[in-house]
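The values are calculated or read from the model by the stated rules, or taken from the named source; none is laboratory data. Predicted model only: the values in this text are computed from it and were never measured. With ideal geometry, Cβ positions are generated from the backbone for all residues, glycine too; neighbour counts draw on all protein chains shown.
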Amino acid sequence: MAEQKQSTELAKLNINDLMHSPIVVKKLQDCLIDPKTTNGFISSVISVATSNPYLKKCQPMTILGGAMVAATLQLPIVPTLGMAYIIPYGTQAQFQIGYKGLLQLAMRSGEFKNIIDEPVYKGQLVKKNKF
């Protein structure tokens, strides 16, 4: 019952207050490999959420949900890095992984010897590259 009350109270907060609430900070510290990076992660999420006019219209809890997915995957929410994004869909926000985030996860998996990250334009790839 107390957990449901906390959840209801959190849903009423703006993104800044929500991200700085003790419950959210603790959850992020648990998710991130290095808890010392929690404040930087929180700042980047708030910056992204407040600088995008469409994200400003989204429910803060949905932004938090996207941020938690990014934290779990250890991917930064910084648009210029291209690893992970929080995308607005009306009043809802969702996590979306970028291609650089996919590359990062693939490299971390240890399943690949080589990953080639090069653009291929129409007509450029004429035959299969056996490399």
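Quick notes on this structure:
- Any pair with Cβ under 6 angstrom, 6 or more apart, that starts in region 89-115 at a residue that is of a type in the set (D, E, K, R) and ends at one that is part of a loop (DSSP other than H, G, I, E, B): LYS100/GLY82; LYS100/MET83
- Against the numbered list (1) in contact (Cβ under 8 Å) with a residue 40 or more places away in the chain; (2) closer than 28 Å to MET107 by Cα; (3) polar (S, T, N, Q), SER43 comes up short only at (1).
- Residue check for ILE86: modelled with pLDDT of 95 or more and either assigned to a strand (DSSP E or B) or under 30 Å from SER109 (Cα atoms) (or both): yes
- Residues (farther than 16 Å from ALA84 by Cβ and β-branched (Val, Ile, Thr)) located in region 27-64: THR38, THR50
- Whichever residue in region 49-70 is farther than 19 Å from ALA11 by Cα and surrounded by fewer than 21 Cβ atoms within 10 Å (Cβ to Cβ) and, among such residues, is farthest from the chain's Cα centre (by Cα): PRO53
- Among the residues of region 71-87, those that are closer than 20 Å to ALA11 by Cα and either in contact with a Cys (Cβ under 9 Å, 6 or more places away or on another chain) or hydroxyl-bearing (Ser, Thr, Tyr) (or both) comprise ALA71, ILE86.
- Residue match in region 24-35 (condition: in contact with a Pro (Cβ under 9 Å, 6 or more places away or on another chain) and either over 30 Å from ILE116 (Cβ atoms) or loosely packed, with under 13 Cβ neighbours inside 10 Å (or both)): yes
- Output for region 99-128, where each listed residue is touching a helix residue (DSSP H, G or I) at 6+ places or on another chain (Cβ under 9 Å) and surrounded by 15 or more Cβ atoms within 10 Å (Cβ to Cβ): GLY101, GLN104
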